[in-house]
1. With +1 on the Cβ of every Lys and Arg and -1 on the Cβ of every Asp and Glu, and nothing else charged, how large is the dipole of the range 1-89 about its Cα centre, in debye rounded to the nearest 20?
2. Taking the radius of gyration and the Kirkwood hydrodynamic radius from Cα positions alone, what is the Rg/Rh ratio for the range 1-89, to two decimal places?
3. Please name whichever of Q56, A18, A85 sits farthest to the positive end of the charge dipole of the range 1-89, dipole taken about the Cα centre and charges placed at Cβ: Lys and Arg +1, Asp and Glu -1.
Amino acid sequence: MREPTNEAGGKTAMGMAAFQALLEQYGAEPRRWPEDVRADAQLLLANSPQARMQQQQAAMLDAMLDRLDPPLIMDERVARVVAGALQDLPVPGLARRRDPFLQRALAMLRGWGQIVPRAAGLAACTAAGILVGAFTPVTATGAGKGGEVAATAVTAASDLPSALLTPSALESLFQ
């Protein structure tokens, strides 16, 4: 913890923010505080009722934490965590083991499992759009010579080939 300095370069008395940080890091017991800030903290405690109140609150928290049971640490669990952490660390000079071809191929196929449903949905939407466009009556309007308005309507046929290949359907596409 860094202490504030005054304009002359000397240390100033500990402030409340630094004291609060000291309590949060080391607790309320002065014997746990670092020796280089202990004297300043005790001087602040002697002169500040707010500092004493903060120390009392920290002491209550310390007492509650002391009442808790210590965590149960099992050797097997620690060994498993350490082994997993060591396995993930890169070792200089040691190349990674390459996956066999079959494992890489299976991993690639698992990736396709996510793409195929999306592609099928896109294909279905495209087909639906084509069908709707093919069976919808086309009405073309436009102004002819002398301000005349011509309207042409193509009726939808009962099947797709006749709707697409009738002469009036083909003509209406190029108007």
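Quick note: the coordinates plus some simple rules give every number you see, no bench work behind them. Model, not experiment: these values are computed from the prediction. Heads up, the Cβs are rebuilt from the backbone with ideal geometry, glycines too, and the neighbour counts pull from every protein chain shown.
1. 160 debye
2. On the way: Rg = 19.1 Å, Rh = 15.8 Å.
Here Rg/Rh amounts to 1.20.
3. Of the listed residues, the answer is Q56.
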